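First up is the structure itself, then whatever we jot down about it.
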Amino acid sequence: KDVEQFDICVVAEEEHKVVIQNSGQLPRARVADDLIWAQWDMVEQRLFYIVPKESKSTLKCVQFYPDENFNSILESHLDISVNDTKLKLVNFGYDYCQDEDVASKSLNLQVFTSKAGGLCVCCSLTSDIPDEVTYSIHFLHKGYNKTFTVSLERTESHQLKEVAFMNLDYYVAAYLPGQFLHLLNIQHPDLLCYSLFLTGENARIDMLQNCSVRCPLTSTVLDCHVGSMYAVSISDSALLQFLQNSKRDSERLAALHCALLYFQHTEDLEKQVILWIFENLSTCHSFDPVQEFIIASLYCRMCPETHRLGKLLPYTSLLDWIGVIPGVTCATDIISLPMLEFQNSKGFWEKLDSNLESVKYAEPHLHYHNNVLRREWHNLSESILIGLVLCSFGDFCLFTNQREERTTTAYLRNIFENAKNIIMILALFISEERLVPLFQEEDSQQQLLMGLMVAQLKDHLMRHLQYVGKKKIDQIVLDYVANLLTLVHRIMKEVWRRYQLNSCIFCFDERGSAGEFAVFHIMSRILEAANGMCMPLPPGFHTLHLVLGVRCLPLHTLLHYIDTGVLHLTETCVRKLLKDLDDTEENEKLKFSIVMRLPEALGQKARQFWNHPINANFIARKYVRLLLEKLGNRQCSRPIPERVSVPVEFLPLNYLTNMLAEIENQDLHPYEKQDHVNVRFVEETALKHTLTLLDLKYS
């Protein structure tokens, strides 16, 4: 039960002979003592072994180097009861495993590593219940252990053997032929919904029908019965079929993450996932598929740039998971973190050390959250009287109440400069013919949110990536937000193609088609997902959404959607609606309902495009109200002069117009930039309105 390293020198004798030099006195060095289990990693030249102790066993690892030196680099305490006195060797050759009686009574344990710095100990445990199988996965790089107990469907005892474990790098597989295949996510093992538990035909591996399986290499298995070696991987076509046929949210979520993260952003697979989302928007009850698609896709695109990004960027919109897998129970236990001893070691050990440091500093809190972003956005949106008038894309006038110190012009200028940079990057990303009419207008609210997300995410990364330069972080953040908007555009592009829409939807002279109504529904779900994540949308999204709403919805439903915030009134859409629609009774009702719901700043602009008595009456009433509000409790200091106006002997109107004229003379005019709005305008509008009510003619 010892391991030694021998230094063997060979020499050539005669022409075709090679012999060991000094075979009786080979130099040797003791590597490990008193072990009961050992596993050899032939590719990375590592020896894992277990030394039994009274309370807990200890897992150790020795790393061998090309210069023939070695050192003990890892030590971890395992809560695994080892009563077996027989030595078990893994990946030391086939001969030892030929005796099935010995193999079946030995400790069934394997250690797996992943490229991302994952370290897992997989162990099959004995169960007192004949219809159950128990196995444990120690996620040493996360600091906890999960023990699974599976109730078996069939109970033929002669067929039930030990669970076989396989390393697929991103997943660890627990396989019991004829029963189940459990793919456990190594990188994100905290929530069970990211692990695939397959049964029946979905769990069938045709070439592996027995449990005498070893995994000497990543994504490789050795069938000890047949003596054959196989490459093992997840089939993307089978995964898509499983995703389409799944009925449980846990299966859908696990398959969705597997498709997006395991297969590393393939164009066709992404398209198939988007099409699946269209069909299942209303069937996923415990998660939002649009949110999960966007976050997982962003995570996959961004994390290869810098290893530590995976610990700082969100990979899911879920905070927890309360669902269960039928027939499977899981118990989670906190375990002690491994102790590492290495100097200037790159690759796996450096990444493992980084993972352990993240656990020490409470890893879930390292991931970027939108709580601060949401609060800041709402504060700024209220502070800026939107009255935020964009003169050009980056040159703007701001009217703020300066409620907070951060709402200064310099800070806001920087925010909008961030948004300008995002739009410039998007112009490169979306260089092809623009099928969907997006990115064709300015949207101050979305620009504000874009710029704020850049600023907030930059602050987050700067705190945790001190070794990465500022320019690199700036580029990462800009790429992240630009990729986010590109993904929304990608979804919209697939929607547009599927329902074969074109630019004529911007016309209001006909009702929308069934395809347009379907697109409206999908856009509503995208908007809901974006609001849930406080995520910006491409400029023009709200206009397009509103246009589809006007074309597809009855008036009362349209107004309800506007009042509840599902539809957002934009200047582009309102201006086109007021200009293009004639003033029939039905259209007047629509226009007036829209105009009455416009925000203050937008309403002043939009009413200039509608030359209608109702609109003139509204402007006059508002003008009077503003004048009186500005007057307040002040009293006129001099007599009100007589005015030469329209000769009307109607004393109440004469008194009102004279008083308003006096207020105007006191420089309290609220409509300085609109010369046509004055007391004369109010007077004429009032007369016209009164005569219309009395059914009289105005001359």
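Measuring with a 1.4 angstrom probe and ignoring ligands and nucleic acids, Lys351 comes out at about 70 Å² accessible. The residues Ser76, Ser524, sorted by heavy-atom accessible surface at 1.4 Å with ligands and nucleic acids left out, run Ser524, Ser76 from largest to smallest.
Write down, largest first, the equivalent ellipsoid semi-axes of the stretch 146-279 in whole Å, where each equals the square root of 5 times an eigenvalue of the alpha-carbon gyration tensor.
Numbers: eigenvalues 137, 60, 38 Å².
Those come to 26, 17, 14 Å.
In this label model, Val372 and Arg28 are separated by 6.0 nm, measuring between points 7 Å along each Cα→Cβ vector. Peptides 254-260, 440-446 ordered by packing proxy, namely the average of other Cβ atoms within 10 Å per residue, highest first: 254-260, 440-446. For Met424, the accessible area of its heavy atoms, probed at 1.4 Å with every protein chain present, is near 110 square angstrom. Taking a ≥ b ≥ c as the square roots of the eigenvalues of the Cα gyration tensor, the stretch 552-602 is oblate, since a/c reaches 1.5 or more and a/b is not larger than b/c.
Across the cross-link table entries Lys60/Lys146; Lys142/Lys470; Lys351/Lys458; Lys53/Lys146; Lys271/Lys311; Lys53/Lys86, which are compared at the Cα atoms, the separations over 18 Å belong to Lys60/Lys146; Lys142/Lys470; Lys351/Lys458; Lys53/Lys146; Lys271/Lys311. Binning all Cα-Cα separations of the stretch 1-96 at 10 Å, short to long from zero, yields these whole-percent fractions: 13, 38, 30, 13, 5, 1.
With a 1.4 Å probe and all protein chains in place, put Phe278, Phe541 in order of accessible area, largest first. Let's see the in-between values first.
Details: Phe278 25, Phe541 0 Å².
The residues order as Phe278, Phe541, largest area first.
Protein heavy-atom accessible surface, 1.4 Å probe, per residue over the stretch 1-96: 64 Å².
A simple charge model with +1 on the Cβ of Lys and Arg, -1 on the Cβ of Asp and Glu and nothing else charged puts the dipole of the stretch 428-568 at about 520 debye relative to its Cα centre. In terms of packing, defined here as the mean over residues of other Cβ atoms within 10 angstrom, the peptides 579-587, 48-56 line up highest first as 48-56, 579-587.
Taken along the Cα-to-beta-carbon direction at a fixed 7 Å, the label points for Lys472 and Phe263 span 3.2 nm. Given a Förster distance of 25 angstrom, what is the FRET efficiency for Thr329 paired with His285, based on the Cβ-Cβ distance and rounded to 0.05? According to the calculation, E is roughly 0.65. Compactness of the stretch 522-585 is given as radius of gyration and Dmax, 12.5, 41 Å, from Cα positions.
The candidates Lys146, Lys576, arranged from most to least accessible area with a 1.4 Å probe in the full protein assembly, appear as Lys576, Lys146.
Between the listed residues Ile73, Ser57, Ile36, the Cα displaced farthest toward the positive end of the dipole of the stretch 1-96, a dipole computed from Cβ unit charges relative to the Cα centre, is found at Ser57.
How much accessible area does Arg30 have with a 1.4 Å probe, in Å² rounded to the nearest 10? Accessible area of Arg30: about 120 Å². Once the Kirkwood radius over Cα pairs is known for the stretch 482-592, the Stokes-Einstein relation at 37 °C and 0.692 mPa s delivers a diffusion coefficient of 224 µm²/s.
The values are calculated or read from the model by the stated rules, or taken from the named source; none is laboratory data. Note that the structure is predicted; figures quoted are calculated from it, not measured. Because the Cβ atoms are built from the backbone with ideal geometry, glycine has one as well, and the counts that use them run over all protein chains shown. Quick note on the areas: whole protein, heavy atoms, side chains included, nothing else; ligands and nucleic acids left out. Shrake-Rupley method; radii C 1.70, N 1.55, O 1.52, S 1.80 Å.
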